[in-house]
Amino acid sequence: MTEVASTVGRRSILMLGLGLFAGCATAGSKSARLPSPIWPDGSLLAPPAVVAPIKVPPPTPTLAGVIPRSSWTKATPQVGNIDPMLPVKWITIHHDGMSPFSATDFSSCASRIELIRNGHRGKGWADIGYHFVIDRSGRVWEGRDLRYQGAHVKDQNEGNLGILCVGNFDQQSPSMAQLAALDRHLRVCRAKYKVKASSVLSHQEWASAKTACPGRNLQSKMSGIRRAIA
Ligand SMILES: [Zn+2]
């Protein structure tokens, strides 16, 4: 699975997986585009419907200073189960809600992100749900390519750019370096996609999302974050 997986044991992985469900886990992802095996008249084994090929946009250039996805995974998204990204109108901030995480070395952070991607794929999603990931040392990692719509807020993923800050901010606080990187990256994304400061939300600020994400110790900073980038 990952370097983390090989060292922390099966039970811990199970708990981490459960933690993922308890944390940031309310995203809706579109279902697979498979034709129904049942015709409207109820007969089975009808000829398969013709499914139009998915138009995959060209890759989005990685933003300056962002660690490319290829640095942490070789996996590619399941492109038959993913929509193109619409123009960005919103930015949503998350925590991972798993066990507290304090590591800052490159390989531990890469493994954490891969663990999250595996968790999301295990739920049947096309890929990791978030477009960017910020670790505790302030690195910004590319998650899901921005040519694809994310899967991080239930029923509200259209035009919604997802940023994950690794850690559990009900049980720990985001680091200063992480908050500084979040501030910088929000400014970059706002400028590039012309997103209003008031359209930068935390996960729980979406009415459709019944979640504690991004944890009280990051949620308490949201007003200040918006003021700073306005
Ligand atoms: Zn979330």
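The values are calculated or read from the model by the stated rules, or taken from the named source; none is laboratory data. All values derive from a computational prediction rather than experimental measurement. Note: ideal-geometry Cβ built from the backbone for every residue, glycine included; neighbour counts use all protein chains shown.
Tell me, yes or no, whether the range 170-182 has at least one residue that is within 18 Å of Trp90 (Cα to Cα) and either within 11 Å of the ligand (Cβ to nearest atom) or in contact (Cβ under 8 Å) with a residue 60 or more places away in the chain (or both). Within the range 170-182, one or more residues are within 18 Å of Trp90 (Cα to Cα) and either within 11 Å of the ligand (Cβ to nearest atom) or in contact (Cβ under 8 Å) with a residue 60 or more places away in the chain (or both).
A quick yes/no check of all residues on (1) at pLDDT below 50; (2) more than 25 Å from Val153 (Cβ to Cβ):
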{"residue": "Ile13", "(1), (2)": "yes, yes"}
{"residue": "Thr26", "(1), (2)": "yes, no"}
{"residue": "Leu34", "(1), (2)": "yes, no"}
{"residue": "Ile67", "(1), (2)": "no, no"}
{"residue": "Ile82", "(1), (2)": "no, no"}
{"residue": "Val88", "(1), (2)": "no, no"}
{"residue": "Ile91", "(1), (2)": "no, no"}
{"residue": "Asp96", "(1), (2)": "no, no"}
{"residue": "Arg117", "(1), (2)": "no, no"}
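Might you let me know whether the range 95-112 holds any residue that is under 11 Å from the mean Cα position of the chain (by Cα) and either touching a residue at least 12 places away in the same chain (Cβ under 8 Å) or within 16 Å of the ligand (Cβ to nearest atom) (or both)? So far as the range 95-112 goes, yes, one or more of its residues are under 11 Å from the mean Cα position of the chain (by Cα) and either touching a residue at least 12 places away in the same chain (Cβ under 8 Å) or within 16 Å of the ligand (Cβ to nearest atom) (or both).
Going residue by residue through the range 157-167, is there one that turns out to be of a type in the set (Asp, Glu) and either within 16 Å of the ligand (Cβ to nearest atom) or under 21 Å from Asp127 (Cα atoms) (or both)? Yes.
Residues in the range 192-208 that are in contact with a strand residue (DSSP E or B) (Cβ under 9 Å, 6 or more places away or on another chain) and either β-branched (Val, Ile, Thr) or within 15 Å of the ligand (Cβ to nearest atom) (or both): Val195, Val200, Leu201, Ser202, His203, Glu205, Trp206. Go through the residues of the range 74-92 one by one and say whether even a single one is assigned to a loop (DSSP other than H, G, I, E, B) and within 16 Å of the ligand (Cβ to nearest atom). The answer is no; no qualifying residue exists.
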